[in-house]
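*Asks:* My questions will all concern the structure given below.
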Amino acid sequence: MRLLKRSNGQTSTFAGSCTNQGNVDGSFTSARFERIRDIVYHTGRNSLFIIDADNRAIRELDIATQTVSTLIQLRPTSFFGQPARLTLDPSEGNIYFSGSSMLAKVNIATKALTFLTPITSETGFKDGALPTAKINNPSELIFLNDDTILIADALNQRLRVIDLKTSSISSICKAPPPNPPDGVVFPDSVDGNIRTCGLRFPQSLLYRPEMNRILLGEFGSIRQLAVLTGKY
């Protein structure tokens, strides 16, 4: 991991060692990582939680003690593939994270792992009850409030909305055209109502509650979703 000092534009090693991969906990200098795919800051613990994808682990970097520890190792669990993205719930008590075909959460205090979607390696698309839902390579997860998660479901080319109160998932934007026999379809971006809008491989999300807007990075453009009006 690298540190960028914004005051002077200088970079330095934050933790780990360049070109020396591995799976080692300990001090920042002795710790080793593989492929770090996502990072979140936990205010209450003054620490960073990361997705260490190739090691199939969620790991914690305690900034005060300068030490790295493994929160959960997913390799021996039923989590298929590599973890990809993570987010903290507003209480900072749970980490919600994704793989290519699954969503799960881990309680930070107890390390208990809970699967939100079916335990499967099969990607796809299905709304409705979370225990039967399907996703396809979500690229980012964010909380809009205590009970609502928004997902940029990249290969389904839609936004997905998880309601934790009802344990259900729904979609924003319509389905893209079917893939042609010779390759991947690149649909046009379409503005309008949340039921008729169209996306091109959504990748990143930023919620601006003071503007009642969600900013969305997609293939070729940055779009915005008006939260209160349901217009995109």
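Every number in this text was worked out from the coordinates using simple rules, so none of it is lab data. Keep in mind the model is a prediction, meaning the values are calculated, not measured. Backbone-built Cβ (ideal geometry, glycine too); neighbour counts: all protein chains shown.
*Asks:* So if I average 1/r over every pair of distinct C-alpha atoms in the stretch 86-132 and take the inverse, what Kirkwood radius in Å does that give?
*Replies:* 11.4 Å
*Asks:* Based on the Cβ-Cβ distance of residue 206 and residue 18, what FRET efficiency does E = 1/(1 + (r/R0)^6) give at R0 = 41 Å, to the nearest 0.05?
*Replies:* Given R0 = 41 Å and the Cβ-Cβ separation, E is 0.85.
*Asks:* Separate question: What is the extension gain from residue 115 to residue 45, computed as 0.36 nm multiplied by their sequence separation minus the C-alpha to C-alpha distance, in nm to one decimal?
*Replies:* 22.8 nm
*Asks:* Which of the three applies to the stretch 104-201, rounded, prolate or oblate, going by the alpha-carbon gyration tensor with a ≥ b ≥ c and a/c under 1.5 meaning rounded?
*Replies:* prolate
*Asks:* Direction-averaged shadow area of the convex hull around the Cα atoms of the stretch 21-178, nm²?
*Replies:* Computed as one quarter of the Cα hull surface, the answer is 9.4 nm².
*Asks:* List the trypsin sites (Lys or Arg not before Pro) within the stretch 149-180 that DSSP assigns to loop and that have no more than 16 neighbouring Cβ atoms inside 10 Å.
*Replies:* Those that pass, being in a loop and sparsely packed, are 165.
*Asks:* Can you tell which of 74, 10, 215 lies farthest toward the positive end of the dipole of the chain, using +1 and -1 charges on the Cβ of basic and acidic side chains (Lys, Arg; Asp, Glu)?
*Replies:* So the residue we want is 10.
*Asks:* Of the chymotrypsin sites (Phe, Trp or Tyr not before Pro) in the stretch 40-134, which ones lie in a loop per DSSP and count no more than 15 other C-beta atoms within 10 Å?
*Replies:* When the chymotrypsin sites (Phe, Trp or Tyr not before Pro) of the stretch 40-134 are filtered for loop state and at most 15 Cβ neighbours within 10 Å, 80 remain.
*Asks:* For residue 34 paired with residue 168, estimate the spin-label separation in nm (one decimal), with each label point 7 Å from Cα along the Cα-to-Cβ line.
*Replies:* Calculated label separation equals 3.8 nm.
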